[in-house]
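Participant: I'd like to ask some things about the structure below.
Please treat every number below as a calculation from the coordinates, not as lab data. The shown structure was predicted, so the numbers you read here are calculated from the model rather than taken from an experiment. Ideal geometry is used to build each Cβ from the backbone, glycine not excepted, and the neighbour counts take in all protein chains shown.
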């Protein structure tokens with residue numbers, strides 16, 4: 001990156017360090033931080049959406065919907081996350097390829113499974129082998145995103161369901177007594193008030209989601225943890241920049257990154273909680289009323 | 001084409017964030033000779049065979065020895081490097097007895113992990129080769145068993161801190177390209193390309209370029 005970086009072996013310490021930290025592979029590490037943030041920014045609203053749908057399904061008057069919601073929530077909550085992170089992307093990937101195979105290659109006469117091999121025709125590959133590398137990355141990232149949304153959606157569904165039940169029933173009844181339909185009472189009374197009950201659970205989920213992002217590494221996405229391990233390992237004379245095992249420093253950096261993330265989030269949630277508690281029939285809301293009175 | 005990208009000088013990621021190494025050069029040349037358009041994919045060693053049979057890539061070139069156990073799941077081309085001897089590496093002054101009764105580190109799912117399991121020594125496994133070396137340096141393991149050609153750089157650059165305890169022959173037919181068993185056609189294509197590189201001496205030149213003058217070459 002800098003003009004003096006041509007021969008790392010002869011550089012004085014600080015220049016060596018400056019060059020070392022700006023190699024292309026270090027930029028890949030810095031980029032991977034953005035990948036993690038992007039995943040969080042997309043997975044959180046998706047999971048919240050899944051959770052909201054899940055909570056509505058569990059509360060639904062329709063027995064089929066209720067069953068679907070209950071099975072989803074209890075199944076995901078009852079299976080180790082890591083199993084889902086390994087299973088969901090694989091199942092979707094092979095499922096999509098299988099379906100595309102059936103549609104795109106009807107004349108194919110060999111079985112899809114041959115011994116250990118999973119074989120679909122070249123046109124059914126997802127993405128196609130001829131697609132550029134970024135398409136493969138986007139596809140892998142999307143699969144990971146779906147897995148995160150599914151798993152965290154189930155937890156969010158349980159939290160939101162609990163929050164909906166926590167809003168005093170008398171308030172909804174009052175709304176109905178004023179002639180609101182159940183849907184109106186839900187929208188106007190229950191929905192605005194449930195968040196204060198949901199927030200502690202949701203902020204918990206957000207923290208766990210933040211801390212679960214290193215699981216990306218399992219799905220073959222090169223995240224911060226991957227690069228910390230890759231760059232921190234001992235570099236022998238095969239590399240331009242040789243150094244002993246520096247993983248402890250790299251992992252310390254990753255540790256600081258995650259701690260900063262969760263600390264910042266906690267600050268944000270504290271302020272949000274204060275806003276939502278305003279005028280609520282909760283202990284926090286009551287304390288605020290007394291303070292101003 | 002799948003590779004691990006963490007096994008210098010076979011295959012690794014350099015500072016420019018590019019896959020480089022003996023197998024990358026070799027694979028590109030084989031593809032050129034076979035008129036194939038090839039793209040490299042980096043994959044964790046532990047899942048490198050499942051992702052091959054799952055169809056995420058069509059070949060493995062990752063310092064993989066063709067052994068009988070692996071041949072039950074995938075097929076192999078002819079070898080492009082004669083069987084690497086394995087070597088025990090330890091801190092200088094370590095008693096050779098640890099090979100039979102000590103704690104030996106090896107990368108998981110390697111032939112060396114299997115070899116250690118058959119001795120009286122305790123095996124501890126790590127997902128990457130780099131971590132096995134770190135385990136020896138910090139005393140978690142008494143020695144590491146791995147391909148000698150991988151370890152030799154670490155020994156030479158350690159200023160006498162690390163040394164070889166013993167060199168032992170490895171099982172298998174040598175380092176080869178791993179392919180799906182249903183992919184006979186591709187296997188024949190690569191075998192022909194390897195033949196042509198063995199015949200004109202370009203494979204030997206590449207071996208010497210990456211592993212040094214002492215590497216065993218093809219006749």
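Participant: 7 Å from Cα along Cα→Cβ at both residue B:32 and residue A:184: what's the point-to-point distance in nm?
Facilitator: 7.7
Participant: Fewest first, what order do B:187, A:187 take by the number of other Cβ atoms within 10 Å?
Facilitator: A:187, B:187
Participant: Next question, about the same structure. What is the calculated FRET efficiency for residue A:293 to residue A:59, with r their C-beta to C-beta distance and R₀ = 45 Å, to the nearest 0.05?
Facilitator: Working: r = 36 Å, r/R0 = 0.80.
Efficiency, rounded to the nearest 0.05: 0.80.
Participant: Let me ask something additional. Taking neighbour counts of Cβ atoms within 10 Å as a proxy for exposure, in what order, fewest first, do A:70, A:267, A:125 appear? Walk me through the numbers before you get to the answer.
Facilitator: Details: A:70 14, A:267 10, A:125 17.
In order of increasing Cβ crowding within 10 Å: A:267, A:70, A:125.
Participant: Sticking with this structure for a sec: Using a simple spin-label model with points 7 Å from Cα along the Cα→Cβ vector, what separation in nm is obtained for residue A:75 and residue A:204?
Facilitator: 2.4
Participant: Expressed as a whole number of Å, what is the distance separating the alpha-carbon centroids of region A:211-283 and region B:40-57?
Facilitator: That distance is 27 Å.
Participant: Let me ask you something else. Past the 20 angstrom mark, what percentage of all C-alpha to C-alpha distances in region A:96-217 do you count? List each step's numbers first, then the result.
Facilitator: Values: 4846 of 7381 pairs.
Summing the P(r) of region A:96-217 above 20 Å gives 66 percent of all pairs.
Participant: Calculated FRET efficiency, residue A:9 and residue A:104, Cβ-Cβ r, R0 56 Å, to nearest 0.05?
Facilitator: Details: r = 54 Å, r/R0 = 0.96.
After rounding to 0.05, the efficiency reads 0.55.
Participant: Also, I was wondering about something else. Given points 7 Å out from each Cα along the Cα-Cβ axis, report the residue A:66 to residue A:249 separation in nanometres with one decimal.
Facilitator: Between residue A:66 and residue A:249, the label points sit 6.1 nm apart.
Participant: Shape call for region A:1-137 from the C-alpha gyration tensor, a ≥ b ≥ c root eigenvalues: rounded (a/c under 1.5), prolate (a/b greater than b/c) or oblate?
Facilitator: Details: a/c = 3.35, a/b = 1.54, b/c = 2.17.
In terms of gyration-tensor shape, oblate.
Participant: Show that you can apply the helix-only estimate: for the protein assembly as shown, add -39,500 (n - 2.57) for every DSSP H stretch of four or more residues, divide by all residues, and state [θ] at 222 nm to the nearest 500. Could the numbers behind the result be given before it?
Facilitator: On the way: 20 runs with 280 residues, N = 512.
Value at 222 nm, helices only: -17500 deg cm²/dmol.
Participant: What's the exposure ranking of A:130, A:25, B:101, B:86, going from fewest to most Cβ atoms within 10 Å?
Facilitator: Values: A:130 10, A:25 18, B:101 13, B:86 25.
Lowest count first: A:130, B:101, A:25, B:86.
Participant: Could you work out Rg/(2.2 N^0.38 Å) for the protein assembly as shown, with Rg from alpha carbons only?
Facilitator: Cα Rg divided by the expected 2.2 N^0.38 Å: 1.19.
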